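Inspection log for the structure reproduced underneath, given as structure tokens.
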Amino acid sequence: MTRASKHLLEGAVTLLAGLALWLFTGDVEVPMVTLTKVGVVLMCVGGAQTAWGLYGAARRHV
């Protein structure tokens with residue numbers, strides 16, 4: 001497994017986990033943390049990691 005494909009896989013999983021938190025934890029109350037906001041942060045990190053993996057894959061083929 002190449003480095004770019006690892007970034008793509010990790011980014012996709014992180015993005016989907018963040019999406020699940022954002023969609024399904026609106027009524028859950030946890031002290032010190034709002035799970036919907038954690039979901040948004042995870043989606044941003046996952047999107048950035050996926051974009052980095054796509055950039056790495058595109059750069060490798062040039």
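Derivation of every value follows stated rules applied to the coordinates shown; laboratory data play no part. If you're wondering where the values come from, they're calculated on a predicted model, not measured in any experiment. So basically every Cβ, Gly included, is an ideal-geometry build from the backbone, and we count neighbours across all protein chains shown.
General observations
- Full extension of the chain between V41 and A17 yields a length gain of 7.6 nm, computed as 0.36 nm times the residue separation minus the alpha carbon distance.
- Cβ-based charge dipole, the chain, positive-most Cα from A58, P31, L9: A58
- Its Cα gyration tensor gives segment 3-61 an equivalent ellipsoid; the semi-axes, largest first and in whole Å, are 29, 8, 7.
- Positive contributions from Lys and Arg (+1) and negative ones from Asp and Glu (-1), summed over other residues with Cβ under 15 Å from the Cβ of M1, come out at +2.
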